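Okay, structure first, notes after.
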Amino acid sequence: MKEIKAEVISLTFTNSDNGYAVARVQATGEPGQVTVCGYMGNLVPGEMLQLKGEWKEHPKYGRQFMVQEFEQLFPASISGIKRYLASGMIKGVGPIMAGKMVEGFGEKVLDILDSDPDRLLEVEGIGQKKLAKIKSSWSQQREIRNLMLFLQTYQIPTTFAARIYRKYGNESIQKLKDNPYDLVYEIRGIGFITADRMAIKLGLPPDSQERLQAGIAYQLFQFAEQGHLFYPAEDLLNKVQELLGDVSLQKIQTALNALEERKRVIVQDLPEQGISRAVYLSFYYKVELDLAQRLCSLSTHPAALSPEKVSDGLERLERQEKIRLTPEQRQAVVEGCLNKTYIITGGPGTGKTTITRMLVRTFRDLGLKIKLAAPTGRASKRLSQATGAGAATIHRMLGFNPSGGFEHNEDNKIKAEAVIVDEVSMLDAALMVQLLRALPVTCRLVLVGDVNQLPAVGPGNVLKDILESETVPRAVLTSIFRQARESSIVVNAHRINMGEFPVASNKKPPQADFFWVQQDDLSRIQELITYMVCQRIPAVYNLDPIKDIQVLTPMHKGDVGTSELNRLLQERLNPGPDAVVRGYRRFRVNDRVLQMRNNYEKDVYNGDLGWITRVNLEDSELSVDYDGKEVVYDLDDLDELTLAYAVSVHKSQGSEYPAVVMPVVTQHYLLLQRNLIYTGLTRARSLAVLIGSTKAMAMGLRSTGASKRYTHLRYRLQQAFQ
């Protein structure tokens, strides 16, 4: 291997999940800057690297150094030290303060940070409070650096060092030596393969029970992430064998038996589905069982209302609202009131919103204490606007506690006599159970959703399973109202749901609300998306490209994936030098951003959309406005944020945008499903532009089977109600 010493100048790309990085460096003996690529973790401009690897000629990007081993060194030059300190790595130190520190202490500043940090009080602008922040941050960085050296030894991506340190603190190295498989369960982003490589290097035998059991549990977690509550044993064992390599099925079966004995998994025959030995993680088995039993208890516990009183009240409401419900709508409102549990499902334009609003008014007129909720913040806001009543996220209604669990639960029920939950297709089995546990048995529950949308990101297929069980009364709305039929978005959503090709609007811009732009060339599709968002739609439809137009796409990678489109759209719509940098992502004031996971301490949730209102380069902090609520992020929190000029269709669920632009390309064939195209289209309120190839659209319309999930809730509900 060749060996070079290099100073990091800038980062071109980083992947926070696996630590892969592409950086521009100034290498000793090399004229000008060169590109280095490899698994080097979270690099910082200004730091020095000792790299081992080989030179390769990339067909597109030219000469690159492919890194196989690396060691992080402190920077040697004054300019390198300044860049290093200004990188945002140390809380309280930004570019200005870094300049003052280097001006005051020169090359000795890093030694002073190590051995005599109190001398930093000599620097103008550093008081006791800022000094404490700098000392704490530098000490943590030193511990993380030691941890990084340990991880490097075992070829673990060093990008995980900060997460591991946050979890285990100064015990990190010892904890990893004791049981590296704990990483799989406790550190987000570290998979079994990464922990397994470390365990093998630490001397754990390839056929050890710890390894085999961890492999089975990991594979079941993987299946849960794909939406499954269980998996057939034979297929599971084969998958685990693929994962573990040269280990016999018999030994893996022995490990499965041991997990069953320890109650980590439940193995059960499911004759109704023709499945022998379905394997559940114990948690999901209990969730499914509990969900069926609680829904049955809630549905069958008496809490009578007078049918005459409901009907009379509804007639009075229709006169007050000056609307005339259809017989189908009137029946849905009446039955929604009279039944303890009720489902309202249907596509766009079928009247779900009107029924929900009338249900809210009827419940109130009957004197019932009512609560409204939805899975996401944006969905709950839409529900509140549609009904004129306050609504919250399910997490907020149940009172999620950052330390785990919900304030409202089995022992502390919510005070409500009727609860309406919207966007139920997004509800996974675990959250549905938490909701049911918190409802008093005298409460009424109305579930509203579109069963043809994408299922929940989490495991289970709750709405579909309840409907197919035929145990809960429902209104299945199919008639499109005349006013809705004038919308090409609505008409084409129903066509797509039936597997039919969308048709062009018969109106002209700016009255036309749907366009299908036929284009096969990926680079041209990318150009068209940028042109539509930045120029064409704002000019013709008078929409704000940052606030009103949302690009939706099935995948993150590729020419028309979220990563590349976000980079291009930010470049066009919000350029500028002032940015907080996290890896290859740059966050600027006015950027649209998306929260990528639930953060209960900040009270922001996976899928929340906001806009950056403030950037503090000195402290590497930024503030995001989520519908009037300001949330502050520091450098460690930025892994939770991503740019949101383009987002995945899955992340858009529960939201609605004035205009949607969506590519439909064969490059996304793995995720190209009828329900995905349908979900993306129905996010558009006033304008939808789909751009892609006829072949890709036809593939998506034909594909309906990939969303099958292994669940048994349908049959458990039938058994419970019997």
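The values are calculated or read from the model by the stated rules, or taken from the named source; none is laboratory data. Every value quoted in this text rests on a predicted model; they were computed, and no experiment measured them. So basically every Cβ, Gly included, is an ideal-geometry build from the backbone, and we count neighbours across all protein chains shown. Ligands, DNA and RNA are stripped out before the accessible areas are found, and what is left, the full protein with its side chains, is counted by its heavy atoms. Shrake-Rupley method; radii C 1.70, N 1.55, O 1.52, S 1.80 Å.
Among all residues of the range 308-330, there is at least one that is in a helix (DSSP H, G or I), touching a strand residue (DSSP E or B) at 6+ places or on another chain (Cβ under 9 Å), more than 24 Å from Lys602 (Cβ to Cβ) and at pLDDT below 95. Of all residues in the range 623-640, those that are free of Cβ contacts under 8 Å to residues at least 60 places away in the same chain have Cβ atoms under 7 Å from Cβ atoms of residues that are acidic (Asp, Glu) and open to solvent by 20 Å² or more (accessible area, probe 1.4 Å), 6 or more apart or on another chain, in Ser623/Glu630; Val632/Glu621; Tyr633/Glu621. Residues of the range 277-297 include none that is surrounded by 16 or more Cβ atoms within 10 Å (Cβ to Cβ) and more than 30 Å from Glu260 (Cα to Cα).
Across the range 177-186, not a single residue is classified as buried (at least 20 other Cβ atoms within 10 Å of the Cβ), modelled with pLDDT of 85 or more, under 28 Å from Lys286 (Cβ atoms) and not hydroxyl-bearing (Ser, Thr, Tyr). Out of curiosity, is Val589 open to solvent by 10 Å² or more (accessible area, probe 1.4 Å), modelled with pLDDT of 85 or more and out of contact with any Cys (no Cβ under 8 Å at 6 or more places or on another chain)? In short, yes. Of the residues Gly576, Gly610, the single one that is at pLDDT 80 or above and in a loop (DSSP other than H, G, I, E, B) is Gly576. Yes or no: Gly88 buried (at least 20 other Cβ atoms within 10 Å of the Cβ), modelled with pLDDT under 85, on the phi > 0 side of the Ramachandran plot and out of contact with any Cys (no Cβ under 6 Å at 6 or more places or on another chain)? Taking the combined requirement at face value, the residue satisfies it. A count restricted to the range 632-677 and to residues that are more than 21 Å from Val604 (Cα to Cα), open to solvent by less than 10 Å² (accessible area, probe 1.4 Å) and touching a Gly at 6+ places or on another chain (Cβ under 8 Å) stands at 9.
Count of the range 45-81 residues, restricted to those that are part of a loop (DSSP other than H, G, I, E, B) and open to solvent by less than 20 Å² (accessible area, probe 1.4 Å), is 3. Checking each residue of the range 371-380 against the condition of being over 26 Å from Asn675 (Cα atoms), buried (at least 23 other Cβ atoms within 10 Å of the Cβ), out of contact with any Phe, Trp or Tyr (no Cβ under 6 Å at 6 or more places or on another chain) and among the polar types (S, T, N, Q) gives no match. Only a single criterion out of (1) at pLDDT 90 or above; (2) open to solvent by 50 Å² or more (accessible area, probe 1.4 Å) is not satisfied by Lys629, namely (1).
If I filter the range 534-554 down to residues being on the phi < 0 side of the Ramachandran plot and open to solvent by 50 Å² or more (accessible area, probe 1.4 Å), which single residue comes out as farthest from the chain's Cα centre (by Cα)?
The selected residue is Ala539.
Within the range 449-461, none of the residues are open to solvent by 60 Å² or more (accessible area, probe 1.4 Å) and in a helix (DSSP H, G or I).
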